[in-house]
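Have a look at the structure below before the remarks.
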Amino acid sequence: MEGKTVKMISLMVIVMLGMFVGRSSAFSKDCFVGCLVQCAITHPNKHILECPFTCLKKCIFEGTPANKIESHGHYCKLGCAASNCINKSTPQDPRGDQVEHCVNSYCTKKCTN
């Protein structure tokens with residue numbers, strides 16, 4: 001019985017560490033889609049691209065302390081994503097997988113070279 005408890009606690013610690021470590025630099029579709037849905041519900045009169053851009057900005061900078069934002073990397077990724085990744089995303093059809101792939105693949109490559 002004690003062995004199972006130790007294994008469960010160890011597993012929980014590993015999962016929790018993975019959650020914090022893995023979120024450092026990658027854009028998350030879960031963050032984007034969740035934000036988009038919330039924005040659409042709380043601000044139904046916003047322009048069609050206002051919620052996607054607001055959520056894009058929130059999720060690219062998520063987890064980054066204000067004094068640690070790399071001016072080039074994060075802002076380049078935001079500009080790239082705003083012009084290339086959210087043009088077909090709407091609150092009704094967020095296309096989270098496509099936005100996530102575009103930000104994490106295309107924009108990351110474009111902004112690191």
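The values are calculated or read from the model by the stated rules, or taken from the named source; none is laboratory data. Small disclaimer: the values here were computed from a predicted structure and weren't measured. All Cβ positions, glycine included, derive from the backbone under ideal geometry; neighbour counts span all protein chains shown. Ligands, DNA and RNA are excluded from the accessible area calculation, which covers all protein heavy atoms including side chains. Shrake-Rupley method; radii C 1.70, N 1.55, O 1.52, S 1.80 Å.
List of remarks:
- Filtered by the rule that a residue be in a helix (DSSP H, G or I), modelled with pLDDT of 80 or more and open to solvent by 70 Å² or more (accessible area, probe 1.4 Å), region 44-84 gives Glu50, Phe53, Lys57, Lys58, Tyr75, Ser83.
- Residue satisfying all of: in region 93-113; in contact (Cβ under 8 Å) with a residue 40 or more places away in the chain and open to solvent by 40 Å² or more (accessible area, probe 1.4 Å); nearest to Cys55 (Cα to Cα) among these: Glu100
- The set of residues from region 26-43 being part of a helix (DSSP H, G or I) and open to solvent by less than 60 Å² (accessible area, probe 1.4 Å) comprises Cys31, Phe32, Val33, Gly34, Cys35, Leu36, Cys39, Ala40.
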